[in-house]
Amino acid sequence: MSKNFDVVVIGGGPGGYIAAIRAAQLGFNTACIDEWKNDKGGPALGGTCTNVGCIPSKALLQSSEHFEHAGHAFAEHGIDVKGLTLNLPQMLARKDNVVKQNNDGVQYLFKKNKVAFFHGRGSFTKADASGYEIKVVGAAEEVLIAKHVIVATGSNARALPGAAFDESLILSNSGALAITEVPKKLGVIGAGVIGLEMGSVWRRLGAEVTILEVLPTFLGAVDEQIAKEAQKLLAKQGLTVTLGVKIGDIKVGKKDVAVDYVDAAGAAHKVVFDKLIVSIGRIPNTTGLNAEGVGLKLDERGFVAVDGDCKSNLPNVWAIGDVVRGPMLAHKAEEEGVAVAERIAGQHGHVNFNTVPSVIYTSPEIASVGKTEQQLKAEGVAYKAGTFPFLANGRARALGDTSGMVKVLADAKTDEVLGVHIVGPMASELIAEAVMAMEFRASSEDIARICHAHPSLSEATKEAALAVDKRALNF
């Protein structure tokens, strides 16, 4: 017997579960379908982000940073640590517990907001005047009828041709989070967010890490000045990044992986790694959705084709998050989820892609919002730039981390803030002020005139804004 709902969300990741909660808040009879399983076969809500992405990676980044500080930085603070050892099983267990807490939190929110949850894989079966029929295949098979459907099925790691993930020697983000013994030599293909973050984790824990990047520039989408500073700081830590390589054969042995590559100068190399992480991007997850069965249009890259409001080609079918165009970011998916639920309710949901922040959680962190300097140059926009180094920030000195800087870009005529880019301590938190400023179309003068607590890292943002007008006070 089928069950009827106003809104059915397929996918329980950040976009999906937030969309379901907001729809329920707006008075819709709402269901969410998700197939993630924990190690006991039960539901593990939260999608890639919670289970094998944002949350567990940040847990390991934090733990590994504590380990590195205990081994290297604490002595400067007058804290002597003798006999330091790594308990990797405990570190992984803590990571798993953080994941479980988030899984359980989403289940609690569903109960609180009266969202019906179905554990299994959802797929379209037919469409008629009553709405869309969706089959859920799990422990028990269910049939749901929905007036509106929100597709939030996320993405999967992209594999290299001829080098399929086995999660033992060739690892995706999932396997990279579950290595049970620190490898002596770790290879990473791809110097993007995942590659740099996972490379950082295992370098701190003792691995010799080599990152191979096909592109000739480091973090090409990041402001060039910030990217160069980040590359210098990461190299100083011992993270080896080789740019402009051409990957050749990858051969899997019994206990290692051999990678052939040609460097930017044309020299051939063969390197043998204990483990190889492949982080070359992600592809939309539409397998099993049966999009073709109801005529749901996918674009040439496999994403669900949507307009600016996340509407698909089918009436009352929407799609959000990694499975549609735009940056593959959890917070972008959440904003789209809220906007779609509000549009279904006849409200004017809104997502400003120009103020979606981006963060890389290395140490130092790298965060940005808005236009980069190279983008403004390419677009012919007249701009002013102001930078301020954490070296001159009192709070950073007290922390013992003075690496990096804040950079503010503003329109040369109107002084409106066009972009803010940070490499340094707690950049992920500092970027929120820049997002707020840009949402309200603030000028650099506005930021410069706001009183910031002293001593605080946020003063670096104020000083960078002052520097736009060449009047920084502390540098």
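The values are calculated or read from the model by the stated rules, or taken from the named source; none is laboratory data. Note that the structure is a prediction, hence the values are computed from the model and not measured. Cβ: placed from backbone, ideal geometry, glycine included. Neighbour counts: every protein chain shown. When the accessible area is computed, the model is the full protein with side chains, heavy atoms only, and any ligands, DNA or RNA have been set aside. Shrake-Rupley method; radii C 1.70, N 1.55, O 1.52, S 1.80 Å.
Just to be sure I understand, how many residues within segment 400-446 are of a type in the set (Asp, Glu) and assigned to a helix (DSSP H, G or I)? So the answer is 5. Remark: pairs (first residue in segment 388-404, farther than 19 Å from ALA227 by Cβ and open to solvent by less than 30 Å² (accessible area, probe 1.4 Å); second residue part of a loop (DSSP other than H, G, I, E, B) and not polar (S, T, N, Q); Cβ separation under 7 Å; 6+ apart in sequence or on different chains) = ALA392/PHE475; ASN393/LEU457; ALA396/PRO425; ALA396/LEU457. In segment 12-33, the residues that are over 20 Å from GLU142 (Cβ atoms) and at pLDDT 95 or above form Cβ pairs under 9 Å with partners that are aromatic (Phe, Trp, Tyr) and part of a helix (DSSP H, G or I), at six or more places apart or across chains, as follows: ILE21/PHE110.
Restricting the search to segment 214-269, which residues are open to solvent by 60 Å² or more (accessible area, probe 1.4 Å) and part of a strand (DSSP E or B)? Matches in segment 214-269: THR240, LYS246, ASP249, LYS251, VAL252, ALA268, HIS269. Within segment 67-110, can you find the residues that are under 27 Å from the mean Cα position of the chain (by Cα), basic (Lys, Arg) and open to solvent by 30 Å² or more (accessible area, probe 1.4 Å)? Result: ARG94, LYS100. In segment 18-49, of all residues being open to solvent by 10 Å² or more (accessible area, probe 1.4 Å) and among the β-branched types (Val, Ile, Thr), the one that is nearest to the chain's Cα centre (by Cα) corresponds to THR48. Assess whether PRO183 counts as being open to solvent by less than 20 Å² (accessible area, probe 1.4 Å), over 14 Å from PRO364 (Cα atoms) and either more than 20 Å from the chain's Cα centre (by Cα) or among the basic types (Lys, Arg) (or both). Yes.
Scanning segment 166-196 for residues being part of a loop (DSSP other than H, G, I, E, B), in contact (Cβ under 8 Å) with a residue 12 or more places away in the chain and not basic (Lys, Arg) gives a total of 13. Restricting attention to segment 131-156 and to residues that are closer than 23 Å to CYS310 by Cβ and small (Gly, Ala, Ser), the residue that is modelled with the lowest pLDDT turns out to be GLY131. Selection of first residues in segment 251-280 that are without any contact (Cβ under 8 Å) to a residue 24 or more places away in the chain and of second residues that are of a type in the set (A, V, I, L, M) and assigned to a loop (DSSP other than H, G, I, E, B), restricted to Cβ pairs under 6 Å at least 6 apart or on distinct chains, gives the following pairs, ordered by first then second residue: ASP263/VAL245.
How many residues are over 26 Å from the mean Cα position of the chain (by Cα) and either over 21 Å from ILE366 (Cβ atoms) or open to solvent by 30 Å² or more (accessible area, probe 1.4 Å) (or both) if we restrict to segment 405-418? Total satisfying the criteria: 6. Here ALA467 passes the criteria (1) open to solvent by 30 Å² or more (accessible area, probe 1.4 Å); (2) over 22 Å from the mean Cα position of the chain (by Cα) except the one numbered (1).
Restricting the first member to segment 315-340 and to residues that are on the phi > 0 side of the Ramachandran plot, and the second to residues that are of a type in the set (D, E, K, R) and open to solvent by less than 40 Å² (accessible area, probe 1.4 Å), the beta-carbon pairs closer than 9 Å and six or more apart or on different chains are GLY321/LYS332; GLY321/GLU336; GLY326/LYS332; GLY326/GLU336. Those helices (runs of 4 or more DSSP H) of segment 1-91 in which 2 or more residues are charged (D, E, K, R) occupy 54-68. The number of residues in segment 358-377 being within 30 Å of TRP202 (Cβ to Cβ), open to solvent by 30 Å² or more (accessible area, probe 1.4 Å) and part of a loop (DSSP other than H, G, I, E, B) comes to 1.
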